[in-house]
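I have placed the structure first, in the form of structure tokens, so that the comments after it can refer back to it.
Every number here is computed from the coordinates shown, using simple stated rules; none is lab data. Everything numeric in this text was worked out from a predicted model, so none of it was measured. Please note: Cβ atoms are built from the backbone with ideal geometry, for glycine as well, and neighbour counts cover all protein chains shown.
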Amino acid sequence: MSTTTPQAAATTAPTPPPLDGELRIEVVVVPVSDVDVAKEFYAGTLGWRLDADFTLPDGLSVVQVTPPGSPTSVIFGRWISAAAAGGTDGLVLAVRDVEQARTDLAERGVDVSEVFHDAVGAFHRAGEEGRVAGPDPERRSYASWASFQDPDGNRWYLQEVRERRPGR
């Protein structure tokens, strides 16, 4: 019995030219159920900078926080996302030393996983399948992880990046 592999289409669409200018992620919206609880977690427990906190007369509320050293901020509030609270899984924070970052979070009272790496050295998988305890044995960038959740269950990952790949 032979197995066939699907072949690439004979014709492919032309590659569009690169966009002019830069495209940077400025803000990530995180859906939460209680704005005050989320603000206490992100600005209080985690110590992220509180950039904005306002409520309009119609009830719309917006809180913006920024992790230390990050060019990207996080926004949550009332009526700013149709996503279910706690429905975000896979937000990644780059850290130089995942073990130290994990310790810092634990000392702040955050329930953070142990450090882990993927069994085959890939990006972590959904859930806990393929996880091996401890950092990547070679301490390669992009290969060691820890995770935590906010009060609603939005899952964040710490990814150890000791040296960036060229082009960043």
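Data for the structure
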| read-out | value |
| --- | --- |
| Degrees between helix 98-107 axis and first principal axis of the chain (Cα, 0 to 90, nearest 10) | 20 degrees |
| Estimated vicinal HN-Hα couplings, Hz - region 127-139 in sequence order (Karplus 6.51, -1.76, 1.60; Gly, Pro = x) | x, 10, 4, x, 7, 10, 4, x, x, 3, x, 9, 6 |
| Semi-axis lengths (Å, descending) of the ellipsoid that matches the C-alpha gyration tensor of region 86-168 | 20, 14, 13 |
| Net charge over other residues, Cβ less than 14 angstrom from the Cβ of Phe54 (K, R count +1; D, E count -1) | -2 |
| Cleavage-rule hits (chymotrypsin sites (Phe, Trp or Tyr not before Pro)) in region 38-128: DSSP loop, at most 12 neighbouring Cβ within 10 angstrom | Trp79, Phe123 |
| Region 55-94: radius of gyration over Cα atoms, expressed as a fraction of 2.2 N^0.38 Å | 1.37 |
| Difference of contour (0.36 nm per residue) and Cα-Cα distance, Leu60 to Arg125 | 19.8 nm |
| Choice from Thr55, Thr72, Thr12 with maximal GNM fluctuation in the chain (Cα, 10 Å cutoff) | Thr12 |
| Amide hydrogen neighbours beyond the local backbone of Ala143, cut-off 5 Å, H modeled | Glu160 |
| Rg(Cα) / (2.2 N^0.38 Å) computed for region 25-82, rounded to two decimals | 1.05 |
| Spherically averaged projected area in nm², based on the convex hull that wraps the Cα atoms of the chain | 15.3 nm² |
